[in-house]
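The values are calculated or read from the model by the stated rules, or taken from the named source; none is laboratory data. All figures in this text were calculated on a predicted structure; none of them were measured in a lab. FYI the Cβ positions are ideal-geometry reconstructions off the backbone, even for glycines, and counts take in every protein chain you see.
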Amino acid sequence: MSLTLTREEIEELTGYQWPSKQLSILRQQGFFRARIGRAGNVLLERTHYTAVCAGGAIKTDRPQVRVPKLRQVA
């Protein structure tokens with residue numbers, strides 16, 4: 001078993017043969033690590049595919065935005 005999904009698996013998953021359309025559909029489905037490789041085909045890691053399909057919670061290390069509190073003029 002390869003580390004990435006095969007071209008046929010990606011075509012079956014997305015329903016498209018064009019890499020740009022495949023990438024767009026994959027991103028809509030939550031596969032944010034999908035990318036177009038040097039050969040022009042879509043690369044999707046098998047471990048990422050299984051993790052997204054399993055529905056695990058995705059933790060992000062993004063900082064939270066804090067709303068500044070303005071001083072009120074007396």
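Values for this structure:
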read-out	value
Every pair of residues 6+ apart whose Cβ atoms lie under 9 Å, when the first sits in region 26-38 and is free of Cβ contacts under 8 Å to residues at least 40 places away in the same chain and surrounded by 13 or more Cβ atoms within 10 Å (Cβ to Cβ) while the second is assigned to a loop (DSSP other than H, G, I, E, B) and of a type in the set (F, W, Y)	L26/F32
Count - residues of region 23-40 that are in contact with a helix residue (DSSP H, G or I) (Cβ under 7 Å, 6 or more places away or on another chain) and either in a loop (DSSP other than H, G, I, E, B) or hydroxyl-bearing (S, T, Y) (or both)	5
Counted residues, region 10-22 - those being assigned to a helix (DSSP H, G or I), more than 19 Å from T50 (Cβ to Cβ) and either of a type outside the set (G, A, S) or touching a residue at least 60 places away in the same chain (Cβ under 8 Å) (or both)	2
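To keep it simple, each residue is scored yes or no on (1) within 23 Å of M1 (Cα to Cα); (2) within 14 Å of the chain's Cα centre (by Cα); (3) at pLDDT below 90.
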{"site": "E12", "(1), (2), (3)": "yes, no, no"}
{"site": "R33", "(1), (2), (3)": "yes, yes, no"}
{"site": "E45", "(1), (2), (3)": "yes, yes, no"}
{"site": "Y49", "(1), (2), (3)": "yes, yes, no"}
{"site": "D61", "(1), (2), (3)": "no, no, yes"}
{"site": "L70", "(1), (2), (3)": "no, no, yes"}
